[in-house]
Amino acid sequence: MKAANILIVILFALVSACEKSGPAQNSPKCDGPPQKLYNPSAELTATQFKTGSYWIYVDSSQTVPGYDSARVTSFMDVFGKPYPEYCDSVQYIAYIINHWPQGPSEGFTIFFASIRKNAGCADFCGEKVYLPYGTAEDEPTKYQKTYYDSLFIYDRFYKKVQKTVILNDPSENNSKVIYYMNSDEGFLRKEVYSKTNVLLKKLLLVRKNIIK
């Protein structure tokens with residue numbers, strides 16, 4: 001399936017699932033125009049990387065370092081009603097990143113107060129990879145968050161870096177996956193560990209081209 005089609009499926013699933021999961025199933029449906037628009041914060045909106053953005057990484061986990069590239073191949077910015085009972089509209093920003101040669105492709109969706117990877121429904125689906133800087137993690141059994149005012153990665157310092165540990169990532173065979181991100185440059189570093197905590201992948205950003 002092409003990346004653009006995958007993106008449409010993700011967004012359709014998000015809006016459809018939200019509409020099916022409204023808290024007041026017997027409330028009258030709202031057919032009028034939205035009364036309120038819910039947009040992600042300015043920081044989260046700053047992480048919308050548009051088609052053509054790319055990152056190139058060195059994989060330092062190997063005896064002979066290899067390389068991996070990640071490119072945004074699809075981007076979409078839409079509004080949808082989260083619940084049919086409410087006259088409100090929510091902004092959904094989504095993009096697909098294709099990794100080569102290591103894979104896999106990843107879909108990221110910005111909505112409400114987080115960025116989710118491979119989300120398929122409302123705000124609590126998919127893997128949470130990013131929160132507004134300094135926000136406390138409310139799901140500590142699934143994720144671990146650490147914030148750095150400045151962090152050295154590969155050959156330079158990056159400001160306001162968020163480290164997210166996904167303890168069991170379904171898209172990586174339930175391995176532990178660690179992302180290092182900020183809102184300016186995006187995906188700075190990624191580590192994948194086996195179930196026995198053996199380092200399988202350590203991608204460090206060496207070059208980028210950001211389009212917003």
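The values are calculated or read from the model by the stated rules, or taken from the named source; none is laboratory data. Note that the structure is a prediction, hence the values are computed from the model and not measured. Glycine also receives a Cβ, built like all others from the backbone with ideal geometry; neighbour counts cover every protein chain displayed.
Numbers below:
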item	result
Residue in region 182-204 that is in contact (Cβ under 8 Å) with a residue 24 or more places away in the chain and more than 21 Å from TYR54 (Cβ to Cβ) present	yes
Test result for TYR143, under 17 Å from SER60 (Cβ atoms), without any contact (Cβ under 8 Å) to a residue 60 or more places away in the chain and in contact with a Lys or Arg (Cβ under 6 Å, 6 or more places away or on another chain)	no
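Conditions (1) modelled with pLDDT of 80 or more; (2) in contact with a Lys or Arg (Cβ under 8 Å, 6 or more places away or on another chain); (3) within 15 Å of ALA119 (Cα to Cα), marked per residue:
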{"residue": "PRO65", "(1), (2), (3)": "yes, no, no"}
{"residue": "PRO84", "(1), (2), (3)": "no, yes, no"}
{"residue": "ILE93", "(1), (2), (3)": "yes, no, yes"}
{"residue": "ASN98", "(1), (2), (3)": "yes, yes, no"}
